[in-house]
Each structure stands twice: as structure tokens, then as C-alpha cells.
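Data first, discussion second: the structure below is written as C-alpha cells.
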Amino acid sequence: MSKPSNEIVDNLNKFFQNLSQGKKAAFVVCFCLFFVAVLFLPGYTDKFDRIFQDLSQNNLSGFISASPELAVVAIDTETLEGTKQRWPWSRTQFAELVRSINSFEPKVIIFDIVFQHSELSDDGFGDEVLAKAIKEAGNVALIGFVDEEITDTGNQKRQYRSLKKFRDVAYCDGYIQSFIDPDSKIRTFSISDSRFGEDSCLLKVARQTRKTAEAINAMSSLPAKSQIVFSRKNGGIPLYRGLDLIEGKVSGDFLKDKIVIVGATAQVLHDYHKTCMGLISGPEILTSSLDTIITGRASSPDSSILARILFAILGLVVSMILALRKRFQHVLVSIGIYVSTLLLLYHFFTMVFIFVPLSCFFITWAFMAVSYNLIKNFIELVEQQIAKAEAALAGQIQAELFPGKFIITDNYSIRGICLPCDSTGGDFFDYFELEDNNIIFVLGDVAGHGFSAAILTVMAKTTIQLLRQKSMVSPETIVSTLNEIIFELVKKKKFMTLAVGHINVVTHQLNLVLAGHLPPVVINSSGDLQELKNAGFPMGIVRKLPIKSLSCELQPGDSIVLFTDGIVEALNWKNEQYTFQAWYDFLQKTMPGFQINCALEELLVEVNEHKAGRSFDDDVTYVIVQRNQQKVQAEK
């Protein structure tokens, strides 16, 4: 872990070194606020958990089987219309329903209806009939519901239960409570309540219907609050229409030995609630809650501070490990890993009925990964700016190595220009007069461009300057000396082409040595063009470079053009090169009239038209050597 740790520490050190004290403090405060929100403000992170837990429950519900003990008898819209009674039904109608269901010998009948008030329309006759039916059945469980009210002393819970005359003859009686989350969805329910000192009706029914001591003991270790687990495999919990049972249209044998939940599912009664599975009726939510208990799937959501700290630490560790990976660093890969892990973990924990604050893990992971990536990008940007500034400075220094002025004599003018495609380039040129007034000119091109190429151009310029000081300068000496130095120091990793010329200003004899460079061209006053070809190896390829020179006599009006391949290889937007032929044709038209007062940039007019705004892909350098047709006054 030392190398990754060192990399993280190094990046953080670099990051903080580029921040002012105020920005450092703001950065630390932002991080502290983030962790305070994640750890101590669950309201913000629970939204994340709810979204993906709902998605997981939806996807997995089709693979979860419901308990075969359960069934729902629904008082739906057709049942309300078929009985010809307005809701709420009379107690005698409920009594008839109890007897009808109980005739099929169910284990328990749970009424998801609270008989809270006496029926006054028949002077209590209906109450007596219903109480008698409940007593005779001996298996009717009555529920009450809990309402929370906000008072001056805090939240107060109040229970609403059926009349005592019904509770006294019921199989069991107890409260039920489902909790509504801030997004108005029901996801959890109460199993027991220490404030009431009472178990819920569902727990009482589940415990009393267990047959083995082991199953009964398991009920004693249930949490006070549990997530509702919805079962949809094979259609989920069966639901039957109450009207069909009342009118005897179906056989009720399917209710034998079942725990039957009776409740209103008609939409006009508005007993529908939002859940992770969409809108579900109250009786179905009640049945799913009981199914959660009976099947042993009850699990209390854990959002304790200890769990939140643990998952936040795990998120921090995972983000660090993934940020330091050496392979597959593309941002899409990172997003893919994150999303895949998120979906897999939420589905896995939901599948094993563990509901923990995974949001702390994933939010911390995402925050740390994004923050570290931004820090790295910031460092890279700073380093790029520094490198760019250093490159610009290096380019300025390199440009100062070029001749500061032209050579203009009575008979000759020599001018040159270099346009690097980067801040620094691999082309260079030089020219100078010797003590005997003869002239040396040099044009070189290092393979590639940028810093590494620029270093060789500086080395070449320095070598030529040393030879000049020792009066050892000649085309042959320059080429042989540079070749030995480049060969020894660069070890064939770079090479340089070079063209070196010597002009005798008295005899007008040109002595030219080419080391793998493009052949210079001579254009006479009539526009005729001739290449000065002389095959040779670039410098740095072999230890002892064969050197061949060629000679010619320059006539009045002759122009020598030395150039690098950045001109002829210039591309337009169709990736078409400018070509030697186009360059030669342009020189033949232009050079006979190209005078000393013409700007060197004029020679790039046609190549710029060819490029149509596209940048050069290589350095562009050329040197123009002209023998004047008539004497001009020397300007230095």
C-alpha cells in the first residue's frame, strides 16, 4: 500500500501547495460539511436508499413466494354494488360475511375494519348479531389503528379500536401501524410497541397460529419495526371477491386452514396507499406485513450512526482503491463499475432482507472519486500551464539562437525564418561571415519536434559556434563533428538532417554538403529551377559518416532556397499534401522577382492558401541565399 498511499499524499500535497490559506480552509470546511450531512443528517441520504431499495424490491418481488397460509377476501366495487347496501355496511351484513367465511374453516379471520361506534339505526340489534357471529366463529381477530398527533409536548400516539363488546368475544385484538415516509410511501410497519407495552395484532396472530415451539420462540426475537417484503411469485397472495362468497358462486374450500384478511379494496373507499410496488389497498399492505412476519423475513432498517460511519469508511476506501487502478481508467469504465456495484449491492441486500444505509457507502464513494479526480485534473492543469510557460520560455531562448539580422553585402543577401509548430521546434538555421568575408549558411532538421528535438538544435548551434571560434568551420568539419557528437550522445534515438554551404564571395563558388537533407534548389533570373542533389546519411545513424560535397558557381540573379519538409508536407482539410511540385512551381514564379525588400512570409502565401486555415503539422524553416544582379549597399 506504500506506493498508492504515496501517490495520494503526493497529489494532495501538490493540490494544497497551489491553494491559498483561505481556499485551503474552505476546502476542509466543505469536506467536513459533507461528512456531517452524510453521517448525521439521514434525511438527505435516505432518499437515495429509498429509490434503489424500491427498485430492488420491484425487481425481486417476482422471485419471492408468499406464505400459502394467507388469503384476502376483498370488499371490492362489485361486492359493494352486489349487496345493495351503502358503505359502511350494517353490522348484520358483516355478521353474514363472518358466517360465510367461517363456514370454510379458516384458521383466523382478520378484519381490517374498525367497528369503533355503536350502530344506532336498529337500537343496537346489529351489534348484537355481529358480536354473536364473532363469538360463534371463535377465530375473528380485530385490529385497531394508531394515529400520531403533534402536540405541545411532542408526538402523541392514539389508538382507535373496535367496541369493547366486540373485542371481548374476539379471537385476539391488537393495533396495526404502517409508517409513511417523507415521500408519502409506506415501506415499514410496526411489530410491537414498547410505549403501549403491546404486540401488534399481526404478531399476536402469527404467534398463536404457529404449531411448533421453535416457530413460536422465533417470534420473540423479532424487531419492533420491519420493512414490508412484498411477494409476487406465482401471483402473490390470493385475493377473492367477497360477493362471490356471500352469494355462494364459488366454493370457499380454498380458505380452509388459511389466515383470511377481510378488508375494503374498492377504490371509492380511498383505502389505497403508495408503496414501492405502486398504489396498493390497505388490506393487501396488511397481508404483506403479516406475510413478512410468518415467512421470517422481518428485518428492521438499520440507520444507526455506527452503520453510517462504517459504510462511509468503506466508500472512502473503495474510491481510493479504484482511483489508483492502473488499467481501465476511462471515466465510462468508472461509471460502469459504480452503477453495476450499486445495483448488485442493493439487490443482494434486499434479497437477503437486510436494509442498511448503503447510501452512505455510494454517496461517499462518488463524492471522493469525483473530488480526487477533480484534484488530479487541477494538478494536471497547473502542470500543463507550467509546462506551457516553460515551453514558451524555451521557445524564446531557442529563437534567440537564430541569427539576429540578415546578411546583406554588395553581392549577396542571406535571410532565414523558422516557424515551429510547437513552442519549441526541431528545425534550426544559421549563417555568418568568416574573417575572409566568405559566408557559411546552415539549415538542419531534427526528427520530430518539441523539447527533445529542440535540445539537439541547441547542441548543434553550440557546436558550430565553438568551431567558429576555433577557426575550424567548414561544411565538412561541421557535418563530421556534429555526427560524432549526436551518435555518441543520442545512441541512434534521434537523427538530424543538415545542409551546410560555403560561398566564396570572390569566385562565387558554392561548396555544399548534404547530410540526408532535402536537396536545396537554385532558381536563376529566368525562373529555371535546379535541384542540388547529393545523397548522404542523416547525422547520428553511423559513427563515421561518409561526406560528399558538390560545387557550383552562382550567377548574378541566382537564388538558393533551402527548406525543411514542413512546407511540402503541409496538409489541407482533405489531408492532401502541398507537394514538392507545387512548391517548385511557386518558387519558379516568385523568386526571379523576390527582392530584398520582400518579406520572407510572402513565400508562404500559396501554401497557406492550400492549408485553408489548418495549422502546420511540422516545423517550417527556409533560408534564402541570393546573388544580387547589381550591387546594393550593405546593411547590417
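Accessible area per residue of segment 279-433 at 1.4 Å probe, in Å²? Before the final figure, lay out the partial values.
Values: 7330 Å² over 155 residues.
That works out to 47 Å² per residue.
Express the carbon and sulfur contribution to the solvent-accessible surface of the chain as a percent, rounded to the nearest whole number, probe 1.4 angstrom.
Values: 17780 of 31520 Å².
C and S fraction of accessible area: 56 percent.
For the chain, give the share of DSSP beta bridges that are antiparallel, in percent and rounded to the nearest 5; count only bridges with both residues there.
Working: 68 of 92 bridges.
Roughly 75 percent of the beta bridges in the chain run antiparallel, per DSSP.
Near K204, within a Cβ-to-Cβ distance under 14 Å, what is the net charge of the other residues, with Lys and Arg +1 and Asp and Glu -1? List each step's numbers first, then the result.
Details: positive: K107, R161, R167, R207, R210; negative: D173, D193, E198, D199.
Computed value for this residue: +1.
In degrees from 0 to 90, rounded to the nearest 10, what is the angle of the helix 331-351 Cα long axis to the longest principal axis of the chain?
With rounding to tens, the tilt is 10 degrees.
Rolling a 1.4 angstrom probe over the protein heavy atoms, how many square angstrom per residue are accessible across segment 85-203?
On the way: 5760 Å² over 119 residues.
Heavy-atom SASA per residue in segment 85-203 reads 48 Å².
Could you pull the accessible area for M459 with a 1.4 Å probe, rounded to 10 Å²?
40 Å²
Under the rule of -39500 (n - 2.57) per DSSP H run of 4 or more residues, summed and divided by the residues of the chain, what mean residue ellipticity at 222 nm is obtained, to the nearest 500 deg cm²/dmol?
Details: 19 runs with 264 residues, N = 636.
Mean residue ellipticity, 222 nm, calculated: -13500 deg cm²/dmol.
Which pairs in the list K107/K135; K376/K493; K491/K533; K326/K494; K84/K185; K107/K204 are over 22 Å apart, alpha-carbon to alpha-carbon?
Details: K107/K135 14 Å; K376/K493 32 Å; K491/K533 28 Å; K326/K494 30 Å; K84/K185 34 Å; K107/K204 13 Å.
Exceeds cut-off: K376/K493; K491/K533; K326/K494; K84/K185.
For a Förster distance of 25 Å, can you work out the FRET efficiency between the beta-carbons of N572 and N11, rounded to the nearest 0.05? All intermediate terms of the calculation are to be shown ahead of the outcome.
Working: r = 43 Å, r/R0 = 1.70.
The formula returns an efficiency of 0.05 here.
Return the loop-located trypsin sites (Lys or Arg not before Pro) in segment 315-362 (DSSP other than H, G, I, E, B) with at most 10 other Cβ atoms within 10 Å of their own Cβ; answer none if there are none. Can you show the working numbers first?
Values: sites: R325, K326, R327; in loops: R325, K326, R327.
Within segment 315-362, the qualifying trypsin sites (Lys or Arg not before Pro) (loop, at most 10 other Cβ atoms within 10 Å) are K326, R327.
Exposed loop sites here are GluC sites (Glu not before Pro) in DSSP loop states with at most 15 other C-beta atoms within 10 Å. What is the longest stretch of the chain lacking them? Don't skip to the end; give the middle numbers.
Values: sites that count: E247, E435, E569, E576, E635.
After excluding every exposed loop site, the longest remaining stretch is 1-246.
Given a Förster distance of 25 angstrom, what is the FRET efficiency for V605 paired with E383, based on the Cβ-Cβ distance and rounded to 0.05? Before the final figure, lay out each step's value.
Numbers: r = 39 Å, r/R0 = 1.55.
According to the calculation, E is roughly 0.05.
Checking the cross-link filter: which lysines have an alpha carbon closer than 19 Å to that of K157, excluding same-chain neighbours under 8 positions apart?
K225
Could you pull the accessible area for H449 with a 1.4 Å probe, rounded to 10 Å²?
So the heavy atoms of H449 present about 70 Å² to solvent.
Once you have the Cα-Cα distance between K470 and F451, take 0.36 nm times their residue separation minus that, and quote the gain in nm to one decimal. Numbers along the way, then the final one.
Details: separation 19, 0.36 × 19 = 6.84 nm, distance 2.89 nm.
Gain on extension, K470 to F451, equals 4.0 nm.
Any chance you could give the angle, 0 to 90 degrees and rounded to 10, that helix 451-469 forms with the longest Cα principal axis of the chain?
Approximately 20 degrees, to the nearest ten.
For segment 455-535, which trypsin sites (Lys or Arg not before Pro) are both in a DSSP coil and crowded by at most 15 other Cβ atoms within 10 Å?
Values: sites: K461, R468, K470, K491, K492, K493, K494, K533; in loops: K470, K491, K492, K493, K494, K533.
Sparse-neighbourhood loop trypsin sites (Lys or Arg not before Pro): K470, K491, K492, K493, K533.
In segment 296-332, whose amide N lies under 19 Å from the spot 7 Å out along Cα-to-Cβ of V352? List them in ranges.
Correct set: 296-304, 307-315, 318.
Per residue, how much accessible area does segment 456-524 have with a 1.4 Å probe, in Å²? Show your work: numbers first, answer last.
Numbers: 2820 Å² over 69 residues.
Averaged over the residues of segment 456-524, the accessible area is 41 Å².
The values are calculated or read from the model by the stated rules, or taken from the named source; none is laboratory data. These numbers come from a predicted model, not from an experiment. Counting neighbours? That spans all protein chains shown, and the Cβs are built from the backbone with ideal geometry, glycine included. Only protein heavy atoms, including side chains, enter the accessible area calculation; ligands, DNA and RNA are left aside. Shrake-Rupley method; radii C 1.70, N 1.55, O 1.52, S 1.80 Å.
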